[in-house]
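For reference, the structure is listed below as structure tokens.
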Amino acid sequence: RFPPEAVAEASSFPKVELPDNPPGREDLRGEFIITIDPDTARDFDDAISLRELPNGHAEIGIHIADVSHYVKVGTALDQEARKRANSVYLVNGVIPMLPPRLSDDLCSLRPQEQRLTYSAFVRVGPDGKAGSARFGRSVIFSRHRLTYAEAMERMKRPARDDLDRFLQRAWHFASALRRRRFASGALDLDFPELRILLDAQGKPDRIEKESSDESHQLIEEFMLLANESVARHLNQENRPAVYRIHEMPDESRLQEYRELLIAHGIKAGDLTQRGEIQKILRLLPGRPDGYALKVGLLRSLKRAVYSPKSLGHFGLAKSHYTHFTSPIRRYADLLVHRALAHPKGGGKGAQLDQLAQHLSRTERIAAEAEQESKKLKLLEYLEMQAGPHATQTFPAVVTEVTNFGMFVELPDFLLTGLIHVSSIKDDFFSFNPAQRSLRGRRSGKTYRAGSHLRVAVLKIDLPKRQVDFRPA
């Protein structure tokens, strides 16, 4: 629950109705501006536009909810948002950073409604090279609200209308930005997302795996472009602000990871070289141990955090980076908006350092809670199918074999569990340590890393978050 003072403040703001040529704002209500979000999104904090320029160039517009217009420094709303520091997205609901009057209404860039925004306009060449950028407060009138699936369908078909043409031109520039980013050494550290859909009683009903297609990548590239452009501008202007940093990994951690790769039969060179990590990442998709090895890489890298110093972002291969595009759900972005708007920046050095530590800590807590929430609901779903006589089966891949059984991963659920040797009933299996395999004495059937099989859920230990499977 929000404190009554914060709720009262949020309720006091009038509906957005601005005159022509509003003072202090660029009027973009006549521009072709749209939003693309997941079909389950409750708040829309970013919109995009595109203006074609001579010689194959374009000005990309990234329009972000102007939360700083409503949440002023030192108010009850500001104090509560600062304390929460971010929204938390659990499977069964969101704990928002801002009261619903702002997060779901006034700050949400809903279609066919006037909305106050902070805009970044960045010039981009046909080769994906970013040029000059400008920033300013604005007002928009979003033409369309698309889901990723709708956008993808329009991007793939022959253009029939202005919206199709807009999306296809936008992807032309986004794909050029993306190619350039990976050529500069950016690491593809994205993982597929699981969506767990609940029934009316809050029980898990079905599970879907979402991967990043071109419609997701279009928005991702434009948001990265805005975040980098804002960070570079703030750094050049020497304004106190909060940056998003991802420091170089420790050589010792990379050496440990290199040894793990060798144990899995992958030759790895010098992983302190960014190109070598990129090469490994290209090898992993399609391998049975690919997901586990990608997680292993992530663990050997440092965690991205907030800092008052612009120290660059290793994973994205960017010298300057910040968070500007999600002020409805992240306090860091709200600070960046304030730093952009005021020549003196977004706060004093020592104060910003403390705040950056607080934001990093709360973000980590939220991320762990979100993962825990997903895992609990996933195990709840599997528990409904569990038991020695369970008939529901799932495709699985063996990731590791030991003398007591084998660990398997369910690719559809991004979940790992154990098949104990005692649960393999049709034969007696012995462990071969040299080949790291289990072989049936009677049948000769062999299991090793990479073996595919179907499994049923034997039992779930919810307190320990563990799953035991049996071969189906």
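The values are calculated or read from the model by the stated rules, or taken from the named source; none is laboratory data. What you see is a predicted model; the values in this text were computed from it and never measured. Because the Cβ atoms are built from the backbone with ideal geometry, glycine has one as well, and the counts that use them run over all protein chains shown. All accessible areas refer to the heavy atoms of the entire protein, side chains included, with ligands and DNA or RNA removed. Shrake-Rupley method; radii C 1.70, N 1.55, O 1.52, S 1.80 Å.
Taking the criterion of being of a type in the set (A, V, I, L, M) and modelled with pLDDT under 95, would at least one residue in region 48-60 satisfy it?
Scanning region 48-60 turns up no residue that is of a type in the set (A, V, I, L, M) and modelled with pLDDT under 95.
Residues are listed down the side, and each one gets a yes or a no for (1) in contact with a strand residue (DSSP E or B) (Cβ under 6 Å, 6 or more places away or on another chain); (2) open to solvent by 10 Å² or more (accessible area, probe 1.4 Å); (3) in a strand (DSSP E or B); (4) not small (Gly, Ala, Ser):
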{"site": "Ser49", "(1), (2), (3), (4)": "yes, yes, yes, no"}
{"site": "Glu59", "(1), (2), (3), (4)": "yes, yes, yes, yes"}
{"site": "Ile62", "(1), (2), (3), (4)": "yes, no, yes, yes"}
{"site": "Val73", "(1), (2), (3), (4)": "no, yes, no, yes"}
{"site": "Leu77", "(1), (2), (3), (4)": "no, no, no, yes"}
{"site": "Lys83", "(1), (2), (3), (4)": "no, yes, no, yes"}
{"site": "Tyr89", "(1), (2), (3), (4)": "no, yes, yes, yes"}
{"site": "Leu98", "(1), (2), (3), (4)": "no, no, no, yes"}
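How many residues are over 30 Å from Ala369 (Cβ atoms), open to solvent by 50 Å² or more (accessible area, probe 1.4 Å), within 40 Å of the chain's Cα centre (by Cα) and free of Cβ contacts under 8 Å to residues at least 40 places away in the same chain when one looks only at region 435-472?
Residues flagged as over 30 Å from Ala369 (Cβ atoms), open to solvent by 50 Å² or more (accessible area, probe 1.4 Å), within 40 Å of the chain's Cα centre (by Cα) and free of Cβ contacts under 8 Å to residues at least 40 places away in the same chain within region 435-472 amount to 2.
Out of region 272-314, which residues are open to solvent by less than 30 Å² (accessible area, probe 1.4 Å), out of contact with any Lys or Arg (no Cβ under 9 Å at 6 or more places or on another chain) and outside any helix (DSSP H, G or I)?
Result: Asp289, single match.
Just a yes or no: is a residue in region 330-348 of a type in the set (Gly, Ala, Ser), open to solvent by 10 Å² or more (accessible area, probe 1.4 Å) and not in a loop (DSSP other than H, G, I, E, B)?
Looking through region 330-348, at least one residue is of a type in the set (Gly, Ala, Ser), open to solvent by 10 Å² or more (accessible area, probe 1.4 Å) and not in a loop (DSSP other than H, G, I, E, B).
Name every residue in region 181-225 that is surrounded by 12 or more Cβ atoms within 10 Å (Cβ to Cβ) and assigned to a strand (DSSP E or B), in order of residue number.
Within region 181-225, Glu193, Leu194, Arg195, Ile196, Leu197, Leu198, Pro204, Asp205, Ile207, Lys209, Glu210 qualify.
With the requirement that a residue be more than 21 Å from the chain's Cα centre (by Cα) and basic (Lys, Arg), what does region 221-249 give you?
Of everything in region 221-249, those that are more than 21 Å from the chain's Cα centre (by Cα) and basic (Lys, Arg) turn out to be Arg232, Arg239.
Can you name every residue in region 5-30 that is open to solvent by 70 Å² or more (accessible area, probe 1.4 Å), over 32 Å from the mean Cα position of the chain (by Cα) and modelled with pLDDT of 95 or more?
Result: Glu5, Ser12.
The rows are residues; the columns are (1) modelled with pLDDT under 90; (2) open to solvent by less than 60 Å² (accessible area, probe 1.4 Å); (3) of a type in the set (Ser, Thr, Tyr).
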{"position": "Gly387", "(1), (2), (3)": "yes, yes, no"}
{"position": "Thr391", "(1), (2), (3)": "yes, no, yes"}
{"position": "Phe394", "(1), (2), (3)": "no, yes, no"}
{"position": "Thr399", "(1), (2), (3)": "yes, yes, yes"}
{"position": "Asn403", "(1), (2), (3)": "no, no, no"}
{"position": "Val408", "(1), (2), (3)": "no, yes, no"}
{"position": "Phe413", "(1), (2), (3)": "yes, yes, no"}
{"position": "Leu418", "(1), (2), (3)": "no, yes, no"}
{"position": "Ser423", "(1), (2), (3)": "no, yes, yes"}
